[in-house]
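Below is one structure, written out as structure tokens, with a few remarks after it.
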Amino acid sequence: MLISLFITCYNDALFPETGKAVVKVLERLGHQVEFRSAQTCCGQMHYNTGYRQESFPLLRQFLKVFADAEVICCPSSSCVSMMRDHYPKMAEEMGDPEVIEQVNRILPRVYEFSELLVDKLGVTDVGAFYPHTVTMHSSCHGLRSLHLGNKPTELLKKVQGITLIDLPQSEQCCGFGGTFAIKNSDVSAAMLSEKVQCVLETKAEICTGADNSCLMHIGGALSRQRTGVRPVHLAEILASTEKDGRQQ
Amino acid sequence: MSVRVGEAAQAPPFPEAAKTLIANSQLRRNVRNATDIIRNKRNRVVGEVEDWQELRDAAKSIKDHTLRHLDHYLLQFEEACTRAGGKVHWAKDADEANRIITEIIQSHQQNEVIKVKTMTSDETRLNVALEKAGITPYETDLADLIVQLGEDKPSHIVVPALHRNRMEIREIFMRKMGLDSLGYQPEDIAAAARAYLRERFLRVKIGISGANFLLAESGSVCVVESEGNGRMCLSLPDVLISLVGIEKIIPSFRELEVFLQLLPRSATGERMNPYNSIWTGVTPGDGPQEFHIVLLDNGRTKVLADEASRETLDCIRCGACLNACPVYRQTGGHAYGSIYAGPIGAILTPQLQSMEHSQTLPYASSLCGACYEVCPVKINIPEILIHLRTKVVESGEVPITEKLAMKGAAFAMGDADRLSIAHAFARVAQSPFSHDGKIERLPGMLAGWTAFRDMSAIPDQSFRDWWKDREKSR
């Protein structure tokens, strides 16, 4: 299957390892991955902060780049939820029948990474090896918008060597919320502090998730507090093999 | 016209108020503890109802339908209530409502009233207006009594004194009721309140209430409560005055079935309210012999005019969104500067005031969606928050640095070549701040982030550059 990767703007710039891991997993499963270099951003930051006019061109850009892609994979639950929850409404507001039509056609072909594996490709065992103790943060968008449910944990449970520990209060927001963390940094930090306490309670060495934005937030505090706990995107765990371990 | 929502117009911006409140360890513990208890109870009893989602859908349809035909149902209510011996008053704003109520009390030469919990009277600041006219209002809801005696402000829609714990309440009661001793147990404290209130229930001639629902067809009013103080206020006085927002109306008795299942389970985690009072006008020889109802607009018709956010008026004030909200959990209700706190307050308060005040409230959310998930009438609060943020941006009430950063980012994201240049620029710009792949201190807008968390530094090679290299080497 030819899978088109929508890496998303912040993964592109800040977390290239996640993108590489997605490519590695999909190719290992025998699929072909393409990266359309004209892609940029889903527009979430602008849309959610109230800059609606600025988000419209980004929607157009996305449609232009991916119009004829068969399957689009995006390793970010929050960007996928932005597209699913808001693109139809934005298209309506833009009042362009062609945009409305394109959005309706493209959305069913957009998959968050764990959705792609479990729902579209029907695999849970991707042949990974990861001898670490891991806890999983369910991002709010993955939880309440995409309803990922236990898809990420199903995938993790099949990883060889892993010890998976449930995160207490897993339905609670980490306090990132995009520009919320900037505009309300004190409240955001208070929320984060509770999340970090939960992560530490698990005594895991790795905190994973389907969204690098939450992981960047949680990881920022884990790092500041010198906890020694690391954030690692789900894709990077699924990409790891026993061979990688020996090479390290 | 003076639309007023408590003291919201004078309140400090949310981030500022929140900063002070989250430093209060006692308050945070109280709020966390109380919301955890209510939330768990709610989850348990909601889980028992097999058709919960269908009930939510039904409630939403009923509310949306009623609001679309609000003029019809309000007039139907007026006619039916008048026929049953009630007197219907229309108040366009807070001042008019307060004036109408004050005049009714004065026409009976009374100088005190007993009140059963009404948020709407906090919205209009009725107590302040009454006191100015020499009338003493006595709050009879236990939590409202705690707030009143403590010269405090409500911090929750359903549980207004949620930010106080037992020991604080005991101290307030001892001081304000002039008690020399008082036990430490909840029963002791409740008994003190009971003794204090009972005397007033029996003496005071005028009662003031809010309402949970108005039934258009029969002209009836419905109040649900847990303590029985409401039943006393609604049945003992000679005169009853109810102050009600116009959005509280539903078509008929039939629709109550849906809401009386949703409301108690969502609000307090009870299967049904201990007291459900419904009355229609006046009944000779039974209960108050004079009944007034003041129907309040105070900005509501303006909210109704905006199609994208009018579902805000569907709210039945259950407070489930407050208990579910991770932001409210940290700050409590006072940070919102409004008697309507939490997620619903963040959308209701600014809209009632035509977006002229409380512009920071739509940003007081991480958009986690927990509020929408628990809302019994399915108000899509996150969507409305975003809608209101757009209004704030369009009104120009945002810092210029933010606007420039957003416009700049939109320009860079508009094209992949520009984005690559932006990556390169950001790498240079971060170099004085980054070490070992992280940034511990940033200036300006981003300083709030690095005050508490490290920032990931931008690595040397972006994903797109890696991909380009990979393609070349193939």
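I need a count of the residues in the stretch A:190-238 that are within 14 Å of chain B (Cβ to nearest Cβ) and part of a helix (DSSP H, G or I).
The qualifying residues number 25.
Out of everything in the stretch B:1-47 that is more than 14 Å from every other protein chain (Cβ to nearest Cβ) and not in a helix (DSSP H, G or I), what residue ends up being nearest to B:Glu373 (Cα to Cα)?
Let us first name the residues in the stretch B:1-47 that are more than 14 Å from every other protein chain (Cβ to nearest Cβ), namely B:1-11, B:26, B:30, B:34, B:37-38, B:41, B:44-47.
Restricting the remaining residues to those that are not in a helix (DSSP H, G or I) gives B:1-7, B:11.
On the way: B:Met1: 36, B:Ser2: 34, B:Val3: 31, B:Arg4: 30, B:Val5: 26, B:Gly6: 28, B:Glu7: 30, B:Ala11: 29 Å.
Residue satisfying both the conditions and the ranking: B:Val5.
Out of A:Ala69, A:Ala13, report the one residue that is assigned to a loop (DSSP other than H, G, I, E, B) and either at pLDDT 95 or above or away from chain B (no Cβ under 13 Å) (or both).
Working: A:Ala13 fails: assigned to a loop (DSSP other than H, G, I, E, B).
Every option except A:Ala69 fails the conditions.
The rows are residues; the columns are (1) closer than 23 Å to B:Ala94 by Cβ; (2) of a type in the set (A, V, I, L, M, F, W, C).
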residue	(1), (2)
B:His334	yes, no
B:Glu356	yes, no
B:Gln359	yes, no
B:Ser366	no, no
B:Tyr372	no, no
B:Cys375	no, yes
B:Lys378	no, no
B:Ile381	no, yes
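Can you say whether B:Tyr340 is surrounded by 20 or more Cβ atoms within 10 Å (Cβ to Cβ), more than 30 Å from B:Ile101 (Cα to Cα) and at pLDDT 95 or above, as far as the supplied structure shows? Can you show your working first?
Values: surrounded by 20 or more Cβ atoms within 10 Å (Cβ to Cβ): yes; more than 30 Å from B:Ile101 (Cα to Cα): no; at pLDDT 95 or above: yes.
When the stated conditions are applied, B:Tyr340 does not pass them.
Could you go through the stretch A:32-43 and let me know if any residue there is within 20 Å of A:Leu215 (Cα to Cα), surrounded by fewer than 20 Cβ atoms within 10 Å (Cβ to Cβ), within 7 Å of chain B (Cβ to nearest Cβ) and in contact (Cβ under 8 Å) with a residue 12 or more places away in the chain.
Among the residues of the stretch A:32-43, not one is within 20 Å of A:Leu215 (Cα to Cα), surrounded by fewer than 20 Cβ atoms within 10 Å (Cβ to Cβ), within 7 Å of chain B (Cβ to nearest Cβ) and in contact (Cβ under 8 Å) with a residue 12 or more places away in the chain, which makes the answer no.
Is it the case that the stretch A:167-182 has a residue that's at the interface with chain B (Cβ under 7 Å from one of its Cβ atoms) and at positive phi? Show your work before the answer.
Here is the first cut: in the stretch A:167-182, the residues at the interface with chain B (Cβ under 7 Å from one of its Cβ atoms) are A:172-173, A:175-177, A:180-182.
Then drop every residue that is not at positive phi, which leaves A:175, A:177.
So far as the stretch A:167-182 goes, yes, one or more of its residues are at the interface with chain B (Cβ under 7 Å from one of its Cβ atoms) and at positive phi.
Under 6 Å between Cβ atoms, at least 6 apart or on separate chains: pull out the pairs that start in the stretch A:111-139 with a residue that is polar (S, T, N, Q) and end on any residue that is part of a strand (DSSP E or B).
A:Thr133/A:Thr163; A:Thr135/A:Ile165; A:Thr135/A:Cys207; A:Ser139/A:Gly209
So which of B:Leu197, B:Leu214, B:Leu202 is under 30 Å from B:Glu257 (Cβ atoms) and either surrounded by fewer than 13 Cβ atoms within 10 Å (Cβ to Cβ) or among the hydrophobic types (A, V, I, L, M, F, W, C) (or both)? Lay out the reasoning, then the answer.
On the way: B:Leu197 fails: under 30 Å from B:Glu257 (Cβ atoms); B:Leu202 fails: under 30 Å from B:Glu257 (Cβ atoms).
That would be B:Leu214, the only listed residue that is under 30 Å from B:Glu257 (Cβ atoms) and either surrounded by fewer than 13 Cβ atoms within 10 Å (Cβ to Cβ) or among the hydrophobic types (A, V, I, L, M, F, W, C) (or both).
Is it the case, given these coordinates, that B:Leu404 is modelled with pLDDT of 90 or more, surrounded by fewer than 18 Cβ atoms within 10 Å (Cβ to Cβ) and of a type in the set (A, V, I, L, M)?
Working: modelled with pLDDT of 90 or more: yes; surrounded by fewer than 18 Cβ atoms within 10 Å (Cβ to Cβ): yes; of a type in the set (A, V, I, L, M): yes.
It is true that B:Leu404 is modelled with pLDDT of 90 or more, surrounded by fewer than 18 Cβ atoms within 10 Å (Cβ to Cβ) and of a type in the set (A, V, I, L, M).
Only residues that are more than 7 Å from chain A (Cβ to nearest Cβ) and either in contact with a helix residue (DSSP H, G or I) (Cβ under 7 Å, 6 or more places away or on another chain) or assigned to a loop (DSSP other than H, G, I, E, B) (or both): list them for the stretch B:447-468, please. Before you say what the answer is, go through the steps one by one.
Pass one, the stretch B:447-468, residues more than 7 Å from chain A (Cβ to nearest Cβ): B:447, B:450, B:457, B:460, B:465, B:468.
Selection gives B:Ala457, B:Asp460.
Considering only residues that are surrounded by fewer than 11 Cβ atoms within 10 Å (Cβ to Cβ) and over 22 Å from A:Ala38 (Cβ atoms), look in the stretch B:432-474 and name the one that is nearest to the chain's Cα centre (by Cα).
Ranking the candidates gives B:Gly444 first.
Testing A:Arg28 on (1) touching a Gly at 6+ places or on another chain (Cβ under 9 Å); (2) away from chain B (no Cβ under 11 Å); (3) among the charged types (D, E, K, R); (4) buried (at least 18 other Cβ atoms within 10 Å of the Cβ), one condition comes back false. Which one is that?
(4)
Could you tell me whether the stretch A:142-158 includes any residue that is assigned to a strand (DSSP E or B), more than 14 Å from chain B (Cβ to nearest Cβ) and farther than 21 Å from A:Arg84 by Cα?
Within the stretch A:142-158, none of the residues are assigned to a strand (DSSP E or B), more than 14 Å from chain B (Cβ to nearest Cβ) and farther than 21 Å from A:Arg84 by Cα.
Residues to consider are B:Ala320, B:Ala305; find the one that is more than 14 Å from chain A (Cβ to nearest Cβ), in contact with a Pro (Cβ under 8 Å, 6 or more places away or on another chain) and among the hydrophobic types (A, V, I, L, M, F, W, C). Spell out the reasoning first.
Numbers: B:Ala305 fails: in contact with a Pro (Cβ under 8 Å, 6 or more places away or on another chain).
Sole residue among the options that is more than 14 Å from chain A (Cβ to nearest Cβ), in contact with a Pro (Cβ under 8 Å, 6 or more places away or on another chain) and among the hydrophobic types (A, V, I, L, M, F, W, C): B:Ala320.
Kindly evaluate A:Phe62 against the criterion of being of a type in the set (Phe, Trp, Tyr), in contact with a Gly (Cβ under 8 Å, 6 or more places away or on another chain) and either at pLDDT below 95 or at negative phi (or both). Spell out the reasoning first.
Working: of a type in the set (Phe, Trp, Tyr): yes; in contact with a Gly (Cβ under 8 Å, 6 or more places away or on another chain): yes; either at pLDDT below 95 or at negative phi (or both): yes.
So A:Phe62 passes the test.
Could you go through the stretch B:387-400 and let me know if any residue there is closer than 30 Å to A:Pro16 by Cβ and touching a residue at least 24 places away in the same chain (Cβ under 8 Å). Full working, then the answer.
Here is the first cut: in the stretch B:387-400, the residues closer than 30 Å to A:Pro16 by Cβ are none.
Taking every residue of the stretch B:387-400 in turn, none turns out to be closer than 30 Å to A:Pro16 by Cβ and touching a residue at least 24 places away in the same chain (Cβ under 8 Å).
Would you confirm, using the coordinates I've provided, whether B:Ile146 is in contact with a helix residue (DSSP H, G or I) (Cβ under 6 Å, 6 or more places away or on another chain), free of Cβ contacts under 8 Å to residues at least 60 places away in the same chain and either loosely packed, with under 15 Cβ neighbours inside 10 Å or of a type in the set (A, V, I, L, M, F, W, C) (or both)? Step through it out loud before you land on a result.
On the way: in contact with a helix residue (DSSP H, G or I) (Cβ under 6 Å, 6 or more places away or on another chain): yes; free of Cβ contacts under 8 Å to residues at least 60 places away in the same chain: yes; either loosely packed, with under 15 Cβ neighbours inside 10 Å or of a type in the set (A, V, I, L, M, F, W, C) (or both): yes.
In short, yes.
Does the stretch B:14-31 hold any residues that are under 23 Å from B:Met119 (Cβ atoms) and either aliphatic (A, V, I, L, M) or at pLDDT 95 or above (or both), and which are they? Break it down into steps so the answer makes sense when it comes.
Applying the first criterion (under 23 Å from B:Met119 (Cβ atoms)) to the stretch B:14-31 yields B:14, B:17-18, B:21, B:27, B:30-31.
B:Phe14, B:Ala17, B:Ala18, B:Leu21, B:Leu27, B:Val31, listed by residue number.
So, in the stretch A:159-189, exactly how many residues are in a loop (DSSP other than H, G, I, E, B) and either of a type in the set (A, V, I, L, M, F, W, C) or over 18 Å from the mean Cα position of the chain (by Cα) (or both)? Spell out how you get there, then give the answer.
Start the filter on the stretch A:159-189 by keeping residues that are in a loop (DSSP other than H, G, I, E, B), which leaves A:159, A:161-162, A:166-179, A:184.
From what's left, either of a type in the set (A, V, I, L, M, F, W, C) or over 18 Å from the mean Cα position of the chain (by Cα) (or both): A:159, A:161-162, A:166-169, A:173-174, A:176, A:184.
The total comes to 11.
Before we move on, is B:Ser277 part of a strand (DSSP E or B) and of a type in the set (Ser, Thr, Tyr)?
Working: part of a strand (DSSP E or B): yes; of a type in the set (Ser, Thr, Tyr): yes.
Yes: the conditions hold for B:Ser277.
Give me the residue from the stretch A:44-66 that is without any contact (Cβ under 8 Å) to a residue 40 or more places away in the chain and facing chain B (nearest Cβ under 7 Å) and, out of that set, surrounded by the fewest Cβ atoms within 10 Å (Cβ to Cβ).
Residue satisfying both the conditions and the ranking: A:Pro57.
So, restricting to helices (runs of 4 or more DSSP H) that lie completely within the stretch B:326-402, which ones have at least 1 residues that are small (Gly, Ala, Ser) and away from chain A (no Cβ under 13 Å)?
On the way: elements: B:326-331, B:342-352, B:370-374, B:381-394.
Hits in the stretch B:326-402: B:342-352.
Inside the stretch B:203-250, counting only strands (runs of 3 or more DSSP E) that do not spill past its ends, which hold 3 or more residues that are more than 20 Å from B:Cys318 (Cα to Cα)? Spell out the reasoning first.
Working: elements: B:206-209, B:213-215, B:220-225, B:239-245.
Counting at least 3 such residues, we get B:206-209, B:239-245.
For the stretch B:416-446, which positions are assigned to a helix (DSSP H, G or I), on the phi < 0 side of the Ramachandran plot and more than 8 Å from chain A (Cβ to nearest Cβ)? So that I can check it myself, show each step before the final result.
Applying the first criterion (assigned to a helix (DSSP H, G or I)) to the stretch B:416-446 yields B:416-430, B:444-446.
Pick out the ones that are also on the phi < 0 side of the Ramachandran plot and you get B:416-430, B:445-446.
Once the filter is applied, which keeps residues that are assigned to a helix (DSSP H, G or I), on the phi < 0 side of the Ramachandran plot and more than 8 Å from chain A (Cβ to nearest Cβ), the stretch B:416-446 yields B:Asp417, B:Arg418, B:Ser420, B:Ile421, B:Ala422, B:Ala424, B:Phe425, B:Arg427, B:Val428, B:Ala429, B:Gln430.
Is there any pair with a first residue in the stretch B:114-135 that is under 22 Å from B:Gly337 (Cβ atoms) and a second that is assigned to a loop (DSSP other than H, G, I, E, B) and among the aromatic types (Phe, Trp, Tyr) whose Cβ atoms are under 8 Å apart and which are 6 or more apart or on different chains, and what are they?
The qualifying pairs are B:Met119/B:Tyr340; B:Glu123/B:Tyr340.
Yes or no, residue by residue, for (1) β-branched (Val, Ile, Thr); (2) part of a helix (DSSP H, G or I):
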{"site": "B:Asp71", "(1), (2)": "no, yes"}
{"site": "B:Glu78", "(1), (2)": "no, yes"}
{"site": "B:Thr82", "(1), (2)": "yes, yes"}
{"site": "B:Trp90", "(1), (2)": "no, no"}
{"site": "B:Ile101", "(1), (2)": "yes, yes"}
{"site": "B:Ile104", "(1), (2)": "yes, yes"}
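The values are calculated or read from the model by the stated rules, or taken from the named source; none is laboratory data. This is a predicted model, so every value here is computed, not measured. Here Cβ is always computed from backbone atoms with ideal geometry, including for glycine, and neighbour counts include all displayed protein chains.
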